[in-house]
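Here is the structure we will look at.
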Amino acid sequence: MSYKFLITGANKGIGYALTCEVLDKGYDVIALCRDTSNTINLDELNSAYKDNLKIFKADVANEDRLRDISDSIDGIDVIICNAGIMGAKGGMFDQQNTPNTILNVLMTNIAGPFFTIRAFLEKLKTSEKPKIAIISSHMGSQQHGSNNAYFYRASKAAVNNLMVTFSNELQSYNISVAAFHPGWVRTDMGGQYASLSPEQSAKALFKLIMKLNMEDSGNFFNYDGNNLHL
């Protein structure tokens, strides 16, 4: 079976590595990214995979734009909701904990996956084996307590809850939905001392996503395949 993937936040980090991995396996990618001024990596990929890669500018918090893209494409098989931002990294008195920053984190990390899935759902329903993967974080787990990154943690806890709710509502369509912790990855968010490269994380995530089925739906997985607490 030939698969077509929709990947958000595809121009850097884990999203870009996932895009490379999917294309390398011979599948098609619809790549969404908010900042098209920073797509040099995708542009190079487009030269090598021009028949397999389509790039669209889209803010996942803008559902109208997502619907316009959905109307312009054929069916898809896999949605990977990867786009996300950190916001303030410190404690409650971090000066970045402003209304605008908080709103941006919540809209991108929570509303973004919701709008993406809703906008492309009809295209996903055409697939023989439809799947939805939400790239989350163990920082959203109630078992992973700390004293920083308040709204990033809250947003990942919320998107894990959304994942479970989606899995319940979409069960009748045989659409499997799961969330994944990508590991501690050397990205702008993870930092240079993280233990995994984006490529290592993407390879592990790709294998898990390809194996995802209805029995797995509603679960939260580590990149190594182990179940995590919500």
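The values are calculated or read from the model by the stated rules, or taken from the named source; none is laboratory data. Since the model is a prediction, treat every value here as computed from it, not as a measurement. Quick reminder, even Gly has a Cβ in these numbers, built from the backbone with ideal geometry, and neighbours come from all protein chains shown.
When each of LYS129, LYS211 is tested for being charged (D, E, K, R) and free of Cβ contacts under 8 Å to residues at least 60 places away in the same chain, the lone residue that passes is LYS211. Entry remark, the stretch 41-87: residues being part of a loop (DSSP other than H, G, I, E, B), among the acidic types (Asp, Glu) and farther than 15 Å from GLY9 by Cα number 3 in total. Considering LYS50, LYS25, the condition of being out of contact with any Gly (no Cβ under 6 Å at 6 or more places or on another chain), among the basic types (Lys, Arg), farther than 29 Å from GLN192 by Cα and surrounded by fewer than 19 Cβ atoms within 10 Å (Cβ to Cβ) is satisfied by LYS50 alone.
If a residue has to be out of contact with any strand residue (DSSP E or B) (no Cβ under 6 Å at 6 or more places or on another chain), crowded, with 21+ Cβ neighbours inside 10 Å and assigned to a loop (DSSP other than H, G, I, E, B) to count, how many in the stretch 93-136 make the cut? Of the residues in that region, 1 qualify. All conditions in (1) free of Cβ contacts under 8 Å to residues at least 24 places away in the same chain; (2) surrounded by 14 or more Cβ atoms within 10 Å (Cβ to Cβ); (3) among the charged types (D, E, K, R) hold for ASP43, with the sole exception of (2). Among the residues of the stretch 163-189, those identified as surrounded by fewer than 20 Cβ atoms within 10 Å (Cβ to Cβ) and either in contact with a Phe, Trp or Tyr (Cβ under 6 Å, 6 or more places away or on another chain) or of a type in the set (Val, Ile, Thr) (or both) are VAL164, THR165.
Just one of the listed residues (THR126, THR116) is in contact with a Cys (Cβ under 7 Å, 6 or more places away or on another chain), under 26 Å from ASN219 (Cβ atoms) and either small (Gly, Ala, Ser) or modelled with pLDDT of 95 or more (or both), and it is THR116.
Considering only the stretch 147-156, I want to know if a residue exists there that is farther than 24 Å from PHE114 by Cα, part of a loop (DSSP other than H, G, I, E, B) and more than 17 Å from the chain's Cα centre (by Cα). Yes, the conditions are met somewhere in the stretch 147-156.
For (1) part of a loop (DSSP other than H, G, I, E, B); (2) modelled with pLDDT under 95; (3) of a type in the set (Val, Ile, Thr), each residue gets a yes or a no:
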site	(1), (2), (3)
SER172	no, no, no
ALA194	yes, yes, no
SER201	no, no, no
LYS207	no, no, no
GLY218	yes, no, no
ASP224	yes, no, no
